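Single-structure report; data block below.
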Amino acid sequence: MVVRLSSKGQLVIPKSIRDALQLKTGTRFDAYLQEGKIILEPAETSAVDALYGKYADIDFLADLEAEHQREVRNEAKIRA
């Protein structure tokens, strides 16, 4: 398959290749030269990178506070 380099230095990886390699938007690549060829390999992601932003819309502190309040109320009922 022939692809074209844009004026911004970008290449489009054909859909058939993306599907075959299960590449998703945001996939990072290691790029290097080997015998005059450009080699792209999906970069391994760390567990931290994989989770980055996954829970951005969750307020863990509020959840912990609510859980603590329930425990305090339950303990007060037990002692009463």
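Listed by chain and number, the lysines whose C-alpha is less than 18 Å from the C-alpha of LYS24, apart from same-chain residues fewer than 8 away, are LYS15, LYS54. 3J(HN,Hα) couplings calculated from phi for the stretch 40-53 with the Karplus curve 6.51 cos²θ - 1.76 cosθ + 1.60 (θ = phi - 60°) are, in sequence order, 10, 10, x, 6, 6, 9, 6, 4, 5, 5, 5, 8, 4, x Hz; Gly and Pro show x.
Looking at the stretch 41-80, what % of the alpha carbon pairs are farther apart than 12 Å?
When all Cα pairs of the stretch 41-80 are counted, 72 percent exceed 12 Å.
When the chain is described by a simple charge dipole with +1 on each Lys and Arg Cβ and -1 on each Asp and Glu Cβ, the residue from ILE78, ILE13, LEU33 located farthest towards its positive end is ILE13.
What whole-number volume per residue, in cubic angstrom, does the convex hull of the C-alpha atoms of the chain give? Taking the convex hull of the Cα positions in the chain, it is 159 Å³ per residue. Here the Karplus relation 6.51 cos²θ - 1.76 cosθ + 1.60, evaluated at θ = phi - 60°, turns the backbone of the stretch 73-78 into coupling constants of 5, 4, 5, 5, 5, 5 Hz, with x for every Gly and Pro. With a simple spin-label model that places each label point 7 Å from the Cα along the Cα-to-Cβ direction, the separation between ALA43 and LYS15 comes to 2.8 nm. Charges were assigned to the Cβ only: +1 to each Lys and Arg, -1 to each Asp and Glu. The resulting dipole of the chain about its Cα centre is roughly 380 debye. The modelled label-to-label distance for the pair GLU65/ALA31, using points 7 Å beyond Cα in the direction of Cβ, is 4.6 nm. The chymotrypsin sites (Phe, Trp or Tyr not before Pro) of the stretch 33-63 meeting both criteria, a DSSP state outside H, G, I, E and B (loop) and at most 11 other C-beta atoms within 10 angstrom of the site's C-beta, are TYR52, TYR55.
Quick note: the coordinates plus some simple rules give every number you see, no bench work behind them. Being a predicted model, the structure only gives us computed values, none of them experimental. Cβ sites come from the backbone with ideal geometry, for glycine too, and all protein chains shown count toward neighbours.
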